[in-house]
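Enquirer: Sending over a structure as structure tokens; questions will come in a sec.
The values are calculated or read from the model by the stated rules, or taken from the named source; none is laboratory data. Just so you know, these numbers come straight off a predicted model, no measurement behind them. Note: ideal-geometry Cβ built from the backbone for every residue, glycine included; neighbour counts use all protein chains shown.
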Amino acid sequence: MPESRGYTIQLEHTCVRKTPPLDRSHYILVGACLESFLKKDVVTEFLDYIFPKNLCIHSHNHMVNVITMIYLTHLMILITGSSGQLGSYLMEGVKNSVGMDIIPSNYTEIVGDIRGDLENMLGDYEINAIIHAAAQVSVVKSVENPKFDSDNNVMGTINLLEYARKHDVGQFIYISSAAIYGEPQYLPIDEDHPKQPKSPYGLSKLTGERYSLLYGELYGIKVASVRPFNIFSPRQDPSNPYSGVISIFVDRAKKGKELIIYGDGTQTRDFVNVHDVVQLIKLALEKKAEGVYNCGTGRETSINELARIIISLSGKDVGIKYGAPRAGDIKRSYADIKRAKEIGYVPTTNLKEDLRRFFFR
Ligand code: UD2
């Protein structure tokens, strides 16, 4: 059960008190009482809220008050970028979420621009947390049109932060990017690594992150920034010329076309499956984490190795062609994930298995 500041205050002052750990029979009793006059899924949400905090309903009136509040208060988590690769998985994994995106999809209830009139778009909702995953994500596009890039990634973020400030949204999770680091100066890359973005995209993501953290300091919003490394999932669109290497290689291998490696293929990346990124974002949400968190696996894989795995999974006789290195490509990259682990993150990515499961079944 989500909470807003108002809701928490009411709970603390009028309805519940902290008690020593309750035994299981007490939980069962509370649940049974509620189910006699409340829908089962609401009861489950209520219990999910009460139990981890070890809160106790201590009279019938208190219970009725809390239930009334649950009915009356429609608290939601806003997920921006809900039609995108990560946003769509977040919509599946985060309870009580409402999706917003400029592109319509099954995951998106509010079709609209993060730079638009949010008061109007979100009028029907009581938002108590925002996961901001909407962004202009193409490095190449950001070089071609830096104004469009910063308009989305900086001004769009500020517009959301202003909404959060005015509406007492208690929590804001910003989805950043490993692109903010630029060329690694040491490995693994930890969160304190110097930030020298090599593209307008990297700079706009860093600026959006800094604005988010600043709003946290200025207005008491709990702000966490998650910095994914190279995310992969079946929902990355290979037809997009700016798509990631995994979806491009998979698509070409399936069609029996040779894979093209830019440079000698010894460059490395930290490929993290989208479920791990969702895992860390949910942990940050649940634990009301603040600060910045790398999200990767802590392991590096070379592009040569990746190509070999994908060719062997495809079962096709596909060759590899080596081309000129891509301008501005970084050589090696993998994340230090100590900080994420401190809040309970356990990466589950197994590159070969995940590639098989996602693409070759
Ligand atoms: C990813 C992100 C970028 C940014 C950055 C942060 C994508 C598409 N890009 O860039 O937005 O967040 O990470 O560090 O997710 N390659 C080939 N052949 C191909 C395609 C790629 O050899 O057909 C190479 C490419 O030159 C690079 C590596 O594969 O060395 C990874 O390329 P990428 O575009 O998937 O990701 P990256 O890390 O450059």
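Enquirer: May I ask you to list the residues in the range 93-119 that are in contact (Cβ under 8 Å) with a residue 24 or more places away in the chain and farther than 25 Å from Ile158 by Cβ?
Expert: Within the range 93-119, Gly93, Lys95, Asn96 meet the criteria.
Enquirer: Something else now. Only residues that are under 19 Å from Ile248 (Cβ atoms) and among the aromatic types (Phe, Trp, Tyr): list them for the range 335-361, please.
Expert: Listed by number, the residues that qualify are Phe358, Phe359, Phe360.
Enquirer: Just to be sure I understand, how many residues within the range 149-189 are more than 15 Å from the ligand (Cβ to nearest atom) and in a loop (DSSP other than H, G, I, E, B)?
Expert: Residues flagged as more than 15 Å from the ligand (Cβ to nearest atom) and in a loop (DSSP other than H, G, I, E, B) within the range 149-189 amount to 5.
Enquirer: Filter the range 204-221 down to the residues that are among the small types (Gly, Ala, Ser) and not in a helix (DSSP H, G or I) and list them by number. Break it down stepwise before answering.
Expert: So in the range 204-221, the residues among the small types (Gly, Ala, Ser) come out as 204, 208, 212, 216, 220.
The one that is among the small types (Gly, Ala, Ser) and not in a helix (DSSP H, G or I): Gly220.
Enquirer: When the range 189-226 is examined, which residues are found to be in contact with a strand residue (DSSP E or B) (Cβ under 6 Å, 6 or more places away or on another chain) and not β-branched (Val, Ile, Thr)?
Expert: Hits for the range 189-226 are Glu191, Glu209, Ser212, Leu213, Gly216, Lys222, Ala224, Ser225.
Enquirer: Determine which single condition Thr108 fails, assuming it passes every other condition in (1) surrounded by fewer than 19 Cβ atoms within 10 Å (Cβ to Cβ); (2) in contact with a Ser or Thr (Cβ under 7 Å, 6 or more places away or on another chain).
Expert: (1)
Enquirer: Does Tyr201 satisfy the criteria of being assigned to a strand (DSSP E or B), within 15 Å of the ligand (Cβ to nearest atom) and at pLDDT 95 or above?
Expert: Answer is no for this residue.
Enquirer: Something else now. Name the single residue that is nearest to the ligand (Cβ to nearest atom) among those in the range 230-263 being within 16 Å of Ser88 (Cβ to Cβ) and in a strand (DSSP E or B).
Expert: Ile231
Enquirer: Name the residue, out of Lys341, Lys321, Lys352, that is within 17 Å of Glu191 (Cα to Cα) and at pLDDT 95 or above.
Expert: Selected residue: Lys341, the only one of Lys341, Lys321, Lys352 that is within 17 Å of Glu191 (Cα to Cα) and at pLDDT 95 or above.
Enquirer: Report whether or not Tyr174 is under 26 Å from Asn350 (Cβ atoms) and in the same structural domain as Pro146 (by TED's automatic domain parsing). Don't jump to the end; show me each part of the working.
Expert: Details: under 26 Å from Asn350 (Cβ atoms): no; in the same structural domain as Pro146 (by TED's automatic domain parsing): yes.
For Tyr174, the condition - under 26 Å from Asn350 (Cβ atoms) and in the same structural domain as Pro146 (by TED's automatic domain parsing) - is not met.
Enquirer: Also: Where in the range 265-342 are there strands (runs of 3 or more DSSP E), lying fully within it, with 2 or more residues that are more than 26 Å from the chain's Cα centre (by Cα) and within 10 Å of the ligand (Cβ to nearest atom)?
Expert: Hits in the range 265-342: 320-323.
Enquirer: Answer yes if at least one residue in the range 132-140 is free of Cβ contacts under 8 Å to residues at least 40 places away in the same chain and assigned by TED's automatic domain parsing to the domain that holds Gly208, and no otherwise.
Expert: No, the range 132-140 contains no residue that is free of Cβ contacts under 8 Å to residues at least 40 places away in the same chain and assigned by TED's automatic domain parsing to the domain that holds Gly208.
Enquirer: Can you tell me which residues in the range 343-358 are in contact with a helix residue (DSSP H, G or I) (Cβ under 7 Å, 6 or more places away or on another chain), closer than 17 Å to Leu306 by Cα and assigned to a loop (DSSP other than H, G, I, E, B)?
Expert: Thr349
Enquirer: Further question on the same structure: Would you say Arg332 is in contact with a strand residue (DSSP E or B) (Cβ under 8 Å, 6 or more places away or on another chain), surrounded by 15 or more Cβ atoms within 10 Å (Cβ to Cβ) and in the same structural domain as Gln185 (by TED's automatic domain parsing)? Walk me through it before giving the result.
Expert: Working: in contact with a strand residue (DSSP E or B) (Cβ under 8 Å, 6 or more places away or on another chain): yes; surrounded by 15 or more Cβ atoms within 10 Å (Cβ to Cβ): yes; in the same structural domain as Gln185 (by TED's automatic domain parsing): yes.
Criteria met by Arg332.
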